[in-house]
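Notes to accompany the following structure.
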Amino acid sequence: MKLSEQGCMQLPGDIADSEGLGGAEVSAKLQKEGYNELEETEKTTPLKIFIGQLGNVIVWVLAAAALISLYIDEVVNFWVIFGLIIFVILLGFVQEYRAEKAMESLKGIVRPKTTVLREGTLRQVATREIVTGDILVLEAGDSIPADACVFELQELKVDESALTGESLPVEKNLQEPLYAATQVVRGKCRAVVMATGMDTELGSIASLIQPEKEITPLQREISAFSKKLAVVALLASGMALGLGIFAGAPVEEMLIIALALAVAAVPEGLPLTLTITLAYGMRRMAAKNAIIRKMLAVETLGSTSVICTDKTGTLTRNEMTVEKIWTMEGLFEVTGSGYGSEGEFMLDGKSINPRDSTLGLLLKGATLCNNASLNQKEHSEDVVGDPTELALLAAASKAGIRKEELAGDYERLHEILFNSDRKMMTTVHRQNQGSISFTKGAVEVVLERCGHILKDNERVQLDQNTRNTILEENSRLASGAYRVIAIARKDAGEKWDETDLEEGMTFLGLMAMTDPIREGVTDAIGLCHQAGIKVVMITGDNVKTALAISGKLGIPVEQPDNISDPDGILADGAITGDELAGLSDETFAEIADHIHVYARVMPEQKLRIVKALQAEGHVVAMTGDGVNDAPALKKADIGVSMGLKGTDVARQSSDMVLQDDNFATIVEAIKRGRTIYDNIEKFTSYLVSRNFNEIILIMLGISLLGYELVPLLALQILFINMFGEIMPSIALGLDPAREEVMHRRPRPVGEGILAGRKLVLVGSVAGVMGLACFTSFLLADPIADLERARTIAFATVVSMILFVPFAFRSLEVSVLQTGFRNKLIVAGVLSTLLLTLVVMYVPFLAAVFDLQPLGLRDWLLPLGFAAVTLGFVEIVKGLLFRKNYR
């Protein structure tokens, strides 16, 4: 029976006191219930992939050629073509199966995690390992992993639109159900799991929610491009057929040649090679910690011109450490780093006991007004929670103050949640016969709510001079790139009202923490500048902290001279959230392109930043991790969510997930995205020029020499097409990234495949290759020995395959720069050469393909023409791309 039918009335009375399941119970339930995941109804099986190959146009064209061969008693031709059909089917199956497996492996890289209570400890476990009876600990931004019943909550609202279509969040009460795949958008709760996997409400409609196969604009463009080329190829084949018949050739023979030309010219391998390139490109990104959720992101990455990035955890390590604490007694230094408990408190260079002053109460308040969990065991830590809160717990632990030890004396009664509007959080705790509240948050906000300050353990009036002293200290610490928060308290009494808890408080002090810049980030920002990509830092820190950090990172903050800024908003090179709120859309649009640092920004304002930059023609990548970041992530051209500290809502709204939350990973992904697009252009250029080479060769032969002296026979054309095309094109599609891709500006939006000068390059190369092969055929004197001349023409086409793919490693850079060290291309051309030698020098096969063994001197002509063609390609590249060619 589904949870919606049975309800939550059967919850055990002592569930609130439960410490959660033990390891043995979890293992037993996993064995019995299976993993918490949906079964796919439409799986791509090997049989489906194999059957799909029968729909390949090439297979049907070859089948027609085989039947015609059988009809005219060319039995050998029939069996050779039949073998080629089998080869095409098997090759297509192997490549598509490998691509499908590569795509499937990407799905398993991102393993969502859920916070649960097990054996009395908060733990993050893989969502697929949730079992019935697990106690879920959920808060705003979390995705609900299974059907569950609420037994503890605070201001809980859930977005159930995924199941019900209801656009407004639903308020939840005790003993009400939560459903898998819905989202917590406000508050927090604890709930016990009642159903997992296919037993959930989601499971009952699983067949209706299977994801459709994603087709990106680039795939559609390649498909349309292939169809256009196919039409041109078929028209050319038809012309060859017509010319041959007009010249008196037997219809059946010319029909086989025309069909062979169609097979050679139709670029049926383009979509498959594209899929392989995308799949393996995405796997390479995944290996660099960038998980692409939507294939569209791969092609958009190459056009990214602005990266809007959060500071904490992305530019910095997200390993906050409290280093300084200010109270009215002085400025304390805190030693030690990370989340360990080793460290001392120093005042004026001397170690002190923090419990003997205001400092002790401040640390106690920072520990109690805290939702993180830091369970230190010898030299390891089991940590769950926000890094800022973890840093506060770690600082308190250095004074011997631990959250679990305070819980008995200070039972939590109530919490006023932190949000980006209020910028503070308050908790109320029982104390003796009364209660006490602690508040932590942004210095300016907390200070404004305080009327007193604690000095030498006495509560004194907070006058304006003291307020100014606190603000100056905050400013000084922030200028040193510290993140500063304030701690305050209030004696709430026996009867307290939530509306008064955060008024008339007593100020305790400031806690300043630092978050080191991530290794490699500064270099990555420099690479962005080199690649024409603007970096914008967005942070909740105050403007002085933001400017100090941006200076260390190398993000420019100076005001440009060419814009109007009458109010002096950009005087210090940055803009605050309040200043942004005061700007009209028109004014903001004028200066948005020149702002590099945003401080004290609300998550909701990110959406406005994205829109303003897009209005200026930028392709924007935006990072985010919270619930309120979701609109901006969806609106951005590339929404980038955090895999470590991001919420489920943010991840599901994004196009790319950073497994390491590192800015440098975004830059690496852009580099990979540019590489993938470049590789697509490379193999498309190679395939088109190589395929049309044979059409030009045959058309020249028939039109100038007649059908009797056609330069290549049908089986020879089919051999070249089957064995000389696939390996080099796939090798080009998987060509490694080169540093040069980050030495140019982003690719213009909407620029098509092989546009402009690149199309001229491809056409020129195809024409020269066809002319070179025809010339080698003529120089071999087909009138004297037609079979030898055809063999030399055949060898010339193959020699082109040995040389030309290396020229296509870059459409703009010299082959001397790109080199010959692509192992896949080398393997492809060597295998092509080996197969050519086999069919040419094994007597039986030579007879089947009408070829003659060539002597070493005979090879000089084909190899010479191939080398000349390679030189011609380089000359054309140099003429067309003078600025980049080197």
message: Any residue that is polar (S, T, N, Q), under 16 Å from the mean Cα position of the chain (by Cα) and under 24 Å from ARG744 (Cβ atoms) - is there at least one of those in the stretch 673-681?
response: yes
message: Tell me the residue from GLU519, GLU458 that is at pLDDT 85 or above and within 30 Å of VAL536 (Cα to Cα), please.
response: GLU519
query: GLU503 passes all but one of (1) touching a helix residue (DSSP H, G or I) at 6+ places or on another chain (Cβ under 9 Å); (2) of a type in the set (Asp, Glu); (3) more than 22 Å from THR367 (Cβ to Cβ); which number fails?
result: (1)
task: Would you be able to say whether some residue in the stretch 446-454 is outside any strand (DSSP E or B), outside the structural domain of ARG118 (by TED's automatic domain parsing), closer than 19 Å to VAL334 by Cβ and touching a helix residue (DSSP H, G or I) at 6+ places or on another chain (Cβ under 9 Å)?
output: no
- request: Specify the residue that is surrounded by the most Cβ atoms within 10 Å (Cβ to Cβ); the eligible residues are those in the stretch 641-677 that are of a type outside the set (Lys, Arg) and out of contact with any Gly (no Cβ under 8 Å at 6 or more places or on another chain).
  value: PHE663
field: The listed residue being surrounded by fewer than 19 Cβ atoms within 10 Å (Cβ to Cβ), at pLDDT below 80, aliphatic (A, V, I, L, M) and under 27 Å from the mean Cα position of the chain (by Cα), out of ILE276, ILE209
entry: ILE209
message: Condition first: in a helix (DSSP H, G or I) and buried (at least 22 other Cβ atoms within 10 Å of the Cβ). Now tell me which residues in the stretch 461-514 satisfy that.
response: ILE470, ASN474, LEU477, ALA478
message: Quick check on my filter: what residues within the stretch 287-300 are farther than 15 Å from SER641 by Cβ and either in contact (Cβ under 8 Å) with a residue 60 or more places away in the chain or among the hydroxyl-bearing types (Ser, Thr, Tyr) (or both)?
response: LYS288, MET295, LEU296, VAL298, GLU299, THR300
task: Inspect the stretch 161-178 for any residue being part of a strand (DSSP E or B), within 26 Å of the chain's Cα centre (by Cα), under 27 Å from VAL383 (Cβ atoms) and not acidic (Asp, Glu) and give the result as yes or no.
output: no
- line: Here the residues within the stretch 109-139 that are in contact (Cβ under 8 Å) with a residue 60 or more places away in the chain, closer than 22 Å to ARG412 by Cα and crowded, with 22+ Cβ neighbours inside 10 Å are VAL116, ILE135
message: Can you report the number of residues in the stretch 313-356 which are buried (at least 21 other Cβ atoms within 10 Å of the Cβ) and touching a residue at least 60 places away in the same chain (Cβ under 8 Å)?
response: 13
message: Just to be sure before I move on: is ILE609 more than 24 Å from ASP421 (Cα to Cα), in contact with a helix residue (DSSP H, G or I) (Cβ under 8 Å, 6 or more places away or on another chain), in a helix (DSSP H, G or I) and not acidic (Asp, Glu) in the structure I sent?
response: no
- line: Of all helices (runs of 4 or more DSSP H) fully inside the stretch 782-886, the set with 1 or more residues that are closer than 22 Å to GLY763 by Cα and in the same structural domain as PHE719 (by TED's automatic domain parsing) is 786-807, 815-818, 860-880
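The values are calculated or read from the model by the stated rules, or taken from the named source; none is laboratory data. Predicted model only: the values in this text are computed from it and were never measured. Cβ: placed from backbone, ideal geometry, glycine included. Neighbour counts: every protein chain shown.
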